[in-house]
Structure formats: structure tokens, C-alpha cells
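Working notes, structure below.
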Amino acid sequence: MLELGKTGRKLINMDHGLSRIFGPVPSRRLGLSLGVDLIPHKTCSFDCVYCQIGRTTDKRIDPESFYSSEKIISEAKKYIPCSKAQTITLAGSGEPTLSKDLEEILRAIKEISHIPVALLTNGSLFWKPEIREASLIADIILPTFSAAREETFRRLHRPHPQLTLKKVIEGLQRLRDEYHGQIFLELMLVKGVNDDDQEIEALGRKIQELAPDKVQINTVVRPPSEPGTGPVSPHRLEEVKNFLGPRAEVVVATQEDRVASKPSREVILLEMIRRRPLSAQDIQKVTGESLDHVNSLLTDLIAKGLIEEQIHNGASYYKVK
């Protein structure tokens, strides 16, 4: 046993999948979040067993310009001012630090709005100076750090062959030295993989060295890429939180309700679900529609062959086919 340790009115993306701005969507870590997606689907340096958007199809560590930064900035100027989002999050379909345009887009967003800008990242590439420099512009950086032993790191994240845990940790340490904003470290716990006392104690030592402002403890909620990947119990989450101390918190689903505009409901729903699997309750919270109406829309999309239902831990989630 471990011992105690020291909305906006409008949903964006009406362009049938062409827009790189999406949401607002409920985030367990950032409240109601407007997303900016810089990366093609499943382009990442990891292939995590728990990933909610499927297996990595393009595993890489070298940044590239994937989409027109001019177009993304133009969309940001159009949509961000009318958004009631609590945060603007660079996240989405892949690892955002793989975009060569990260710094340019971050600077542009900061000029458009005073809404805090968050960078949601797997934290694997901060050993690259150019990626650290680009990331410093964000108000909040949310890197994942979920393994303190190389064997666990490889089992959990299935990283690019050139990545090692040592390299990742060195990058995170350099980020902490250079970055003056807030770092919210995500600890993703997977049952039977990184939730035993030995791993948690090792994680605790490394987390203390990394000195994040918060440690946000998470577990598998949505359907994972690897079947059989399961959540840890609420009791275990609380044990780990208590062990890690006052900076640690267990993140829970947001209870925010927001109202969506009436037009293009199917387009909006498809875009939301394309980014990640959602439950009917998730959609209801964002759109403000009745649960019965949301279920009716979902039934129509299933009948059209556009989405499918997936059961995970007894709950229904919907994903694009």
C-alpha cells in the first residue's frame, strides 16, 4: 500500500471536415475547450495503448508543415472572437509539436484573443530545442508523463524507435528550466500496466524532479486503441493522488452545459465524433439539446452508415466509421 506523500452559441467547423478549428468540446482537464488541430489523423511519435483516436499510422519525430498556417490563422481570426471557450487548445488528431508551424500559429492566436492557450502534448519531443522554443509561447503546457521505467514506457506508449525514456525526461527537465508558464503534467494510469506501487513510487520521484504546477491523474475513459486496455479503480486513483501530494488531482468529466447553434447539426456532430469518440451525454452537454434529441440524431447517423456505436466499460460511445 502506498503511503501519503509530502459556450459559446456556435459549434465550430461547418466545412465538412475541412476546418482545423473544432469545438468547443468538454475537456476533463480544461473545461470547455476550442481546439486547433495542426496534425493529420494519427500522426504521432507514440502509439499509446490507451489512445482514444486509434492506432498511429504515421509514427515520426521530425516536424513538418502539414496544413496551410495562413488558412489556420484565418480560421482562428474568424472563429475565436465569437467563442465562449474557457481555453484554446492545440490538440486534435495527432501530436501538435510535430507541426513546423507551431510557433507561428501560437503567436497569431495570442494576438487574436486573451483566452488562455494550452498545448496538449505527449511530451516526447522537448529534447529538440526548436520544439521547446516554439512551445514557450503557450500559457499552459500539458505533457503526458506516465512511465518511470523504460520497459513500462515502451509497453504503454509504443514509441518511435529513436525515442527513449531518458531522452523524454531530459526534454521535460529542460522545458521546466526554460518555461515560465504553467505545466500540468498528465499521469495516465492503465490497469495492469503502470498502476503498481513500484511504478507509482518511481513516477513520484521523477515527478518531483520535473516540478510541474499540477499533476492531473487520469485513466482510460473512452474506447482505447488496444482492446483490453482498462481503467484503474476510483479508489486507486485517490491512493495515487494522496501519494503524490497537494499538486495532484484526479480529473473528472466536466459538468459544463453549452448551447450550440441550430444549423448543420449533423456536420457538427460528425466533426465532434471524428476528433474522438463521444457519448450521447458528452454531446448533450456541449450542444444543450435534449438527450432524446441527441439520441435521435445519433440514430440517424448510424442508419446512414456514417458512425458506429462502441461499448466500453458498459457505456456507449460513438465513432466515425
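Worth pointing out:
- Of all residues in segment 117-162, those satisfying the criterion of being hydroxyl-bearing (Ser, Thr, Tyr) and outside any loop (DSSP other than H, G, I, E, B) are Thr121, Ser135, Thr144, Thr152.
- Close contacts from segment 209-230, counting a first residue that is at pLDDT 90 or above and a second that is outside any loop (DSSP other than H, G, I, E, B) and among the basic types (Lys, Arg), with Cβ to Cβ under 8 Å and a gap of 6+ residues or different chains, come to Leu210/Arg176; Ala211/Arg176; Pro212/Arg176; Ile217/Lys241.
- Against the criterion of being over 18 Å from the mean Cα position of the chain (by Cα), closer than 30 Å to Glu111 by Cα and not β-branched (Val, Ile, Thr), Arg176 qualifies.
- Conditions (1) of a type outside the set (Phe, Trp, Tyr); (2) crowded, with 20+ Cβ neighbours inside 10 Å; (3) more than 20 Å from Glu249 (Cβ to Cβ): number failed by Thr164: (2)
- Criterion applied to Ser68, Ser83, Ser74 was being more than 30 Å from Val190 (Cα to Cα), crowded, with 19+ Cβ neighbours inside 10 Å and of a type outside the set (Val, Ile, Thr), and the one residue passing it is Ser83.
- Within segment 262-285, the set of residues being modelled with pLDDT of 85 or more, surrounded by 15 or more Cβ atoms within 10 Å (Cβ to Cβ) and assigned to a helix (DSSP H, G or I) comprises just one member, Ala280.
- Number of the exception - His114 against (1) at pLDDT below 95; (2) outside any loop (DSSP other than H, G, I, E, B); (3) not aromatic (Phe, Trp, Tyr): (2)
- Consider segment 286-321 and keep the residues that are crowded, with 21+ Cβ neighbours inside 10 Å and at pLDDT below 80. The one that is nearest to Glu95 (Cα to Cα) is Val286.
- Restricting attention to segment 211-242, the residues that are surrounded by fewer than 19 Cβ atoms within 10 Å (Cβ to Cβ) and in contact with a helix residue (DSSP H, G or I) (Cβ under 6 Å, 6 or more places away or on another chain) total 1.
The values are calculated or read from the model by the stated rules, or taken from the named source; none is laboratory data. Note that the coordinates shown come from a computational prediction; the quantities given were computed from them, not determined experimentally. Note that we place each Cβ from the backbone using ideal geometry, even for glycine, and neighbour counts take in every protein chain shown.
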